[in-house]
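Participant: Take a look at the following structure, please.
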Amino acid sequence: MINHLAILPILVPVVFAALLLLPYFAVRLQARRLLSATGFVLTLLCSVLLALHVQSGTQLYLLGDWPAPFGIVLVADRLSAAFVVLSSVLMIGGWLYSCSRDDTQEPFFLALLLFLLMGVNGAFLTGDLFNLFVFFEILLISSYGLLIHGGGKNRIRAALHYVLLNLVGSALFLLALALLYSQLGSLQIADMGMRIKQLSQSQLWIVQSAAGLLLIVFGLKAAMLPFHFWLPAAYKQASPVVACVFAMMTKVGIYSLFRVFTTLFGDDAGQLAGFGQNVLMVTGLLTIAVAGALLLASADLRSIVAALVLMSAGTLLSLLGVGSIAADNALLYYTVHSTIATGAMFLLVDIISTQRGNLADRIARGRRLSNQLLTGWAFALLALAIIGMPPLSGFIGKIQLLQAVQGNPWQFVFWGMLLLGSLLVLIVLSRAGSTVFWRLLPGQSNVNALSNWQWAGLAWLLACLFGLVFAAEPLLQYFAAATSEFSAPLRQGGGD
Amino acid sequence: MELIIAAIIGLLTCCGVFLILRARTFAVMLGLTMLSYAVNLFIFVSGGLTAGAGAVLGKTETYADPLPQALVLTAIVIGFAMTAFLVVLAIRARAELGNDHVDGQQPQEPR
């Protein structure tokens, strides 16, 4: 059993998702909930077990037991295991919240969520570039379905743009794969990392152009600057649960960039060493700037959170451009923090807008919320976490970020942008919060359609944020071990 | 043979990109299909072009690289599924938005 642990985070969701497609479950809400709950909890359990298990060494899982460079491998090391745990944690928050409304409206909503989880976990665990493409497509097609969940004009329009962009992205991904295969003769990431050192001069530019294509493809997923246009619209229009779990989607792009580029273009890759780092740094910083402008221009809470997702993506991208071990550690902690925080914020915004009736999430004066105290405190806590003020995880994350770039030529630009960005977030969130919670019209909102499921989803994610603070030390150690293990030479090819 | 294949891939890509840049969903869909044909051909030849070589060992003197053939099969299947989804989405968008422009509204006539 323990040998098959590496594939379980992919296998469990897909089995449960397939079961949920059966007609039996389409008409039985309770059975559907029970089954999906089991699926999500089991996946989380397997991921946590995997994360603990890989501490004793990287696990290579050979699918079909073909020997390493020829067959498809799954690579479970600390890095991928940490991301798998993160995706399961976020999904559980979204799942709890969806029990209030979404899963009653649409029988296959939960199945789609589980398929998305499978795709995301697969993308994290795979050690093969083509398999990464396949898992990308799995998570994309589930995300297409989820994005149009609920229907409506604006949602369809946002979905159409998202789907078209990603289809072009997939075509480019395949082109890059074919180019790389023609030059390197392998698609297993670790194997490619070794072969890339033996390239002749004439092959270099082909591999470079393929790497440029990969940068575009992953950048599209991570909402890197010229390819960020889909993000604000998609996140603003998606239904709240979907927006919450989509907080993971940009991180898939970041992870792929990190995994593939660090392995292929590490320090020992000769002329290709550090490929794309400057591009990542500059576009990351510009992404932060654009996100800041979007923040200031937001007229409703959903747009604010969408801009926050973009800002964290920009921060992570520029951090990828630093390319030092300290930066990688900071990157991991901040990824975990920002994913959970923005996901929780999407849920909270929906809780607020449910209570405000027709006013929804617009930043305008309204009547007192029916559950003002609890909602207000949750907003204040999450805002503190996102801005990066103590005592929540954002503070630890931001400190790490600031320390990580010390000595880098971009140090002061990065510090300036990051701190300016945080200041903007502070201003915008305070303004939004004080308008929504304090500048009240007389009377009290009588809308009280909140269900306990909604609070449960939010509470789960908030608890995880607190967990990030209390377990900061062991987590940081885990991430440090993950990055040092990851940047050790010949990390995955050696077998175990 | 290389020249012909390269020219075909180039032509398909060219048509695909041109159609994708049209602003109507049907044209964009055709463009994406052409682009994916081009990409599939490109993957297919990424293992090198050989004539009279089978993908199964021992059947012929020389053998062709079997991996791109496996890859292209996967890519074709995924491409089909995605195109099918896109067709449904485009029809839905046409119904919801009332026109087939990718932005959901007819552009204003220049005055």
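Participant: Within segment A:22-31, identify whether any single residue is closer than 23 Å to A:Trp460 by Cβ, at pLDDT below 95 and of a type outside the set (A, V, I, L, M, F, W, C), and answer yes or no.
Facilitator: Scanning segment A:22-31 turns up at least one residue that is closer than 23 Å to A:Trp460 by Cβ, at pLDDT below 95 and of a type outside the set (A, V, I, L, M, F, W, C).
Participant: What do you reckon, is A:Ile254 under 30 Å from A:Ser186 (Cα atoms), more than 15 Å from the chain's Cα centre (by Cα) and either touching a residue at least 12 places away in the same chain (Cβ under 8 Å) or not in a helix (DSSP H, G or I) (or both)?
Facilitator: When the stated conditions are applied, A:Ile254 does not pass them.
Participant: Residues in segment B:28-59 that are touching an Asp or Glu at 6+ places or on another chain (Cβ under 9 Å) and free of Cβ contacts under 8 Å to residues at least 40 places away in the same chain: how many?
Facilitator: Residues flagged as touching an Asp or Glu at 6+ places or on another chain (Cβ under 9 Å) and free of Cβ contacts under 8 Å to residues at least 40 places away in the same chain within segment B:28-59 amount to 7.
Participant: Give segment B:16-27 a look and list any residue that's of a type in the set (D, E, K, R) and without any contact (Cβ under 8 Å) to a residue 40 or more places away in the chain, or say none.
Facilitator: B:Arg22
Participant: Considering only segment A:184-207, I want to know if a residue exists there that is buried (at least 24 other Cβ atoms within 10 Å of the Cβ), more than 14 Å from chain B (Cβ to nearest Cβ) and modelled with pLDDT of 90 or more.
Facilitator: The answer is no; no qualifying residue exists.
Participant: Related question: If we keep just the residues of segment B:91-111 that are hydrophobic (A, V, I, L, M, F, W, C) and facing chain A (nearest Cβ under 7 Å), which is surrounded by the most Cβ atoms within 10 Å (Cβ to Cβ)?
Facilitator: Out of the qualifying residues, it is B:Ala93.
Participant: Collect the residues in segment A:136-157 that are among the hydrophobic types (A, V, I, L, M, F, W, C), within 12 Å of chain B (Cβ to nearest Cβ) and crowded, with 23+ Cβ neighbours inside 10 Å, keeping them in residue-number order. Outline the logic, then answer.
Facilitator: Within segment A:136-157, the first condition is being among the hydrophobic types (A, V, I, L, M, F, W, C), and the residues that meet it are A:136, A:138-141, A:146-148, A:156.
After this cut, where a residue has to be within 12 Å of chain B (Cβ to nearest Cβ) as well, the list is A:136, A:138, A:140-141, A:147-148, A:156.
Within segment A:136-157, A:Phe136, A:Leu140, A:Leu147, A:Ile148 meet the criteria.
Participant: If a residue must be at pLDDT 90 or above and polar (S, T, N, Q), how many such residues does segment B:70-111 contain?
Facilitator: Here the count works out to 2.
Participant: Output the number of residues of segment A:198-214 satisfying the condition of being closer than 11 Å to A:Gln183 by Cα and of a type in the set (A, V, I, L, M).
Facilitator: Number of matching residues: 5.
Participant: Which ones in segment A:168-183 are free of Cβ contacts under 8 Å to residues at least 40 places away in the same chain and more than 8 Å from every other protein chain (Cβ to nearest Cβ)?
Facilitator: A:Gln183
Participant: Taking A:Leu165, is it touching a residue at least 60 places away in the same chain (Cβ under 8 Å), surrounded by fewer than 24 Cβ atoms within 10 Å (Cβ to Cβ), within 13 Å of chain B (Cβ to nearest Cβ) and on the phi < 0 side of the Ramachandran plot?
Facilitator: Numbers: touching a residue at least 60 places away in the same chain (Cβ under 8 Å): yes; surrounded by fewer than 24 Cβ atoms within 10 Å (Cβ to Cβ): yes; within 13 Å of chain B (Cβ to nearest Cβ): yes; on the phi < 0 side of the Ramachandran plot: yes.
Yes.
Participant: Identify all residues within segment B:5-53 that are of a type outside the set (Gly, Ala, Ser), over 13 Å from the mean Cα position of the chain (by Cα) and at the interface with another protein chain (Cβ under 9 Å from one of its Cβ atoms); write none if there are none.
Facilitator: Residues satisfying the conditions are B:Thr25, B:Val45.
Participant: Pick out the one residue from A:Ala360, A:Ala344 that is in contact (Cβ under 8 Å) with a residue 24 or more places away in the chain and surrounded by 22 or more Cβ atoms within 10 Å (Cβ to Cβ).
Facilitator: It is A:Ala344.
Participant: Can you tell me which of B:Gly104, B:Gly98, B:Gly79 is closer than 30 Å to A:Ser182 by Cα and out of contact with any His (no Cβ under 7 Å at 6 or more places or on another chain)? Don't jump to the end; show me each part of the working.
Facilitator: Working: B:Gly104 fails: closer than 30 Å to A:Ser182 by Cα; B:Gly98 fails: closer than 30 Å to A:Ser182 by Cα.
After applying the criteria, what remains is B:Gly79.
Participant: Which ranges mark the helices (runs of 4 or more DSSP H) fully within segment A:1-97 that have 3 or more residues being more than 25 Å from the chain's Cα centre (by Cα)?
Facilitator: Answer list for segment A:1-97: A:23-26, A:29-53.
Participant: Please specify each residue of segment A:273-312 satisfying the condition of being under 27 Å from A:Val260 (Cα atoms) and of a type in the set (Ser, Thr, Tyr). Don't jump to the end; show me each part of the working.
Facilitator: The first filter runs over segment A:273-312 and keeps only residues under 27 Å from A:Val260 (Cα atoms), leaving A:273-291, A:306-312.
Those that are under 27 Å from A:Val260 (Cα atoms) and of a type in the set (Ser, Thr, Tyr): A:Thr283, A:Thr287, A:Ser312.
Participant: Pick from segment B:9-55 the residues that are of a type in the set (Ser, Thr, Tyr) and in a loop (DSSP other than H, G, I, E, B): which of them is farthest from B:Ala81 (Cα to Cα)?
Facilitator: Here the answer is B:Thr50.
Participant: Output the residues belonging to segment A:8-24 that are closer than 13 Å to A:Leu117 by Cα and either among the β-branched types (Val, Ile, Thr) or surrounded by 18 or more Cβ atoms within 10 Å (Cβ to Cβ) (or both).
Facilitator: Hits for segment A:8-24 are A:Leu8, A:Pro9, A:Ile10, A:Val12, A:Pro13, A:Val14, A:Val15, A:Phe16, A:Ala17.
Participant: Now, a different point. Scan segment A:405-425 and give yes if some residue there is buried (at least 22 other Cβ atoms within 10 Å of the Cβ), among the aliphatic types (A, V, I, L, M), touching an Asp or Glu at 6+ places or on another chain (Cβ under 9 Å) and modelled with pLDDT of 85 or more, otherwise no.
Facilitator: no
Participant: Please specify each residue of segment A:44-74 satisfying the condition of being of a type in the set (Val, Ile, Thr) and touching a Phe, Trp or Tyr at 6+ places or on another chain (Cβ under 8 Å).
Facilitator: A:Ile72, A:Val73 - these are the residues of segment A:44-74 that are of a type in the set (Val, Ile, Thr) and touching a Phe, Trp or Tyr at 6+ places or on another chain (Cβ under 8 Å).
Participant: Sticking with this one: Report, by residue number, each residue of segment B:56-90 that is part of a helix (DSSP H, G or I), hydrophobic (A, V, I, L, M, F, W, C) and surrounded by fewer than 17 Cβ atoms within 10 Å (Cβ to Cβ).
Facilitator: Applying the first criterion (part of a helix (DSSP H, G or I)) to segment B:56-90 yields B:66-90.
If we keep only those that are hydrophobic (A, V, I, L, M, F, W, C) as well, we get B:67, B:70-73, B:75-78, B:80-82, B:84-90.
Result: B:Ala70, B:Leu73, B:Ile76, B:Val77, B:Phe80, B:Ala81, B:Ala84, B:Phe85, B:Val87, B:Val88.
The values are calculated or read from the model by the stated rules, or taken from the named source; none is laboratory data. As the structure is a prediction and not an experimental result, all values here were calculated from the model. Here the Cβ is made from the backbone with ideal geometry for all residues, glycine too, and neighbour counts use every protein chain on show.
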